[in-house]
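Working notes, structure below.
The values are calculated or read from the model by the stated rules, or taken from the named source; none is laboratory data. Small disclaimer: the values here were computed from a predicted structure and weren't measured. Virtual Cβ from ideal backbone geometry, glycine too; neighbours counted across all protein chains shown.
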């Protein structure tokens with residue numbers, strides 16, 4: 001049995017695990033992302049989670065990993081050479097690839113966390129066998145990855161699919177990117193807390209439906225533009241809100257995607273469930289050593 005070390009770096013938590021060649025997560029460690037620390041302080045948290053995961057593997061009798069895959073919030077320079085996550089203020093042009101390689105001494109591949117999710121969803125998740133789809137993370141922030149013709153889109157700097165910065169409320173709330181009315185500024189966990197003054201898990205039915213509606217609006221724009229019929233969504237906000245969120249998103253999608261080729265587009269929960277981002281990071285690792293396309 002061969003394994004890869006998978007690392008998912010989010011604005012709220014850092015997750016690490018060992019993922020086998022079938023997409024099964026064998027061990028998991030999670031730590032809070034210390035966004036109030038300096039750049040090295042954030043990496044120290046990652047270091048501790050990685051070392052703990054590797055030790056867990058030894059205790060469980062697993063073989064050492066052959067490679068590492070990382071899914072990180074962005075934006076980033078292509079391949080994660082540097083990352084500048086909007087929701088991790090101390091990481092600006094942070095040399096993530098070199099730091100992780102120095103830490104673990106393994107072949108390492110890095111991609112945007114939502115692109116990693118899209119890769120995992122097509123590998124063993126809700127988009128398996130689908131050639132054209134969008135996958136999203138709706139959590140502390142909002143991200144996305146797009147697969148067309150069976151290939152994950154990268155874009156000039158590796159940031160293609162970042163649906164969190166589609167404008168859904170013209171002249172709406174100011175986003176951390178500097179624009180106004182981005183989906184992330186209106187429907188992320190951070191935005192919901194700022195709007196309501198409460199933790200996103202305490203959102204009212206109306207706020208849940210508004211969040212789903214705005215996500216559906218953004219997905220409709222992508223479906224109409226790229227001729228997509230499937231969007232899968234992960235993340236604590238989307239999965240935590242459940243049916244009410246997904247029903248609202250699909251109602252809005254149906255209203256906004258009326259052109260014939262997008263009229264049957266649908267939004268579904270991530271087929272990989274809560275472990276989707278970690279499986280996606282594992283997929284990035286397997287792809288990095290040529291074991292996954």
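Residues in segment 13-33 that are out of contact with any strand residue (DSSP E or B) (no Cβ under 7 Å at 6 or more places or on another chain) and either part of a helix (DSSP H, G or I) or buried (at least 16 other Cβ atoms within 10 Å of the Cβ) (or both): 23 only.
For residue 233, are the conditions met, namely being outside any loop (DSSP other than H, G, I, E, B), assigned by TED's automatic domain parsing to the domain that holds residue 137, at pLDDT 95 or above and closer than 22 Å to residue 283 by Cα? Spelling it out, residue 233 is indeed outside any loop (DSSP other than H, G, I, E, B), assigned by TED's automatic domain parsing to the domain that holds residue 137, at pLDDT 95 or above and closer than 22 Å to residue 283 by Cα. There is at least one residue in segment 34-56 that is under 17 Å from residue 14 (Cα atoms), modelled with pLDDT under 95, part of a loop (DSSP other than H, G, I, E, B) and not assigned by TED's automatic domain parsing to the domain that holds residue 138. Inspect segment 160-174 for any residue being within 14 Å of the chain's Cα centre (by Cα), assigned to a loop (DSSP other than H, G, I, E, B) and surrounded by fewer than 19 Cβ atoms within 10 Å (Cβ to Cβ) and give the result as yes or no. Checking segment 160-174: at least one residue is within 14 Å of the chain's Cα centre (by Cα), assigned to a loop (DSSP other than H, G, I, E, B) and surrounded by fewer than 19 Cβ atoms within 10 Å (Cβ to Cβ).
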